[in-house]
Amino acid sequence: MELAREISPKAQELFLLLRLFRKSLGCENSIDVLQAQKSFLRHIGRFEDADLAGRIIAIQSVAPLELLSSLSDGQLHSKFWLAEELGKILSSRKGTRCFIVGGWTGLLSYILLRLYPELYGKVRSFDLDPNCEWAADELNRRSVIESWRFKAITANALNLDYKQPSFMALNETSWELLEEGIDLLVNTSCEHFPDFSDWWDRVPPGMLVALQSNDFRQAEGHVNCVDSLEDFMEKAPLSEVLGQGTLNLGAYRRFLLVGVK
């Protein structure tokens, strides 16, 4: 819980809320589940998102493993750390158009939009897994309804054109072509890219990026880890570094880079 004491009070409250709900999903003992859910419902009112519990339960019925994994302590620590760092770096900006590749269940998008509603105008979350599109849209349902302030898309990050983004998004029963600019490109899953350099070459010079990787090679799908922050900076050289750091999560370390390519 060390990181939770270092982040802002609002972020800490949401962090504890999500952690508490994960406990209620993952408990095997029915008494523990009931106690965790009661605690969750006591706290949820303060965050003005009363139907969050129902949305998370719905996601669990479709993508239980993805949901539990995305709400792990390591994932929560890493994403709140990134959100708070971006909040400091981009504090003077409004309406940022943010693209997230490897967006998974949309947790990072939810955190960004809940903690910094004025900072982010549009958030787009891309993932290869079609289950993640539904889960991310469900988690961020309020922002989806709000003129697609948030939208998840099933797509391969290696096929996206980051200079002139153009992609198809499903609107209930019909498809819509979206052509939108990018102010901030986020990739918190660099370790999952078999050839990270292929993706990095697609990112145009001058683009603002936020990147995370780790040294946890034992995890399934971690095919391109880095050994240190310096190693990460060699793989993703930036013309201007705005933020960087290492977060020790016990079993592994998470590395963060924010800057201009």
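Values as computed for the structure displayed
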read-out: Proximal charge balance of E133 [Cβ under 12 Å; K/R count +1, D/E count -1]; value: -3
read-out: D (Stokes-Einstein, µm²/s), Kirkwood Cα radius, the stretch 121-209, 1.306 mPa s at 10 °C; value: 114 µm²/s
read-out: Residues of the stretch 55-96 with amide N under 11 Å of a point placed 7 Å along Cα→Cβ from E180; value: 96
read-out: Mean accessible surface per residue for the chain, computed with a 1.4 Å probe while every protein chain stays in place, in Å²; value: 47 Å²
read-out: Separation in nanometres of the label points that stand 7 Å from Cα toward Cβ, at E172 and S91; value: 4.2 nm
read-out: Extent along principal axes [Cα atoms of the chain; Å; largest to smallest]; value: 53, 45, 37
read-out: Computed lengthening from L238 to E220, 0.36 nm per intervening residue step minus Cα-Cα distance; value: 3.6 nm
read-out: Listed pairs K10/K88; K88/K163; K122/K261; K10/K122; K23/K151; K88/K235 exceeding 18 Å between Cα atoms; value: K88/K163; K122/K261; K10/K122; K23/K151; K88/K235
read-out: The chain: calculated mean residue ellipticity at 222 nm from DSSP helix runs of at least 4, using -39500 (n - 2.57); value: -12500 deg cm²/dmol
read-out: Label point distance in nm, N159-S228, each placed 7 Å from Cα along Cα→Cβ; value: 3.9 nm
read-out: Options A157, V223, Q244, ranked by Cα towards positive dipole end of the chain, top entry (Cβ charges); value: Q244
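The values are calculated or read from the model by the stated rules, or taken from the named source; none is laboratory data. A quick note: this is a predicted structure, and the numbers were derived from the prediction, not measured. All Cβ positions, even for glycine, are placed from backbone atoms using ideal geometry, and neighbour counts span all protein chains on display. Just so you know, the surface numbers come from the protein's heavy atoms only, side chains and all, with ligands and any DNA or RNA stripped out. Shrake-Rupley method; radii C 1.70, N 1.55, O 1.52, S 1.80 Å.
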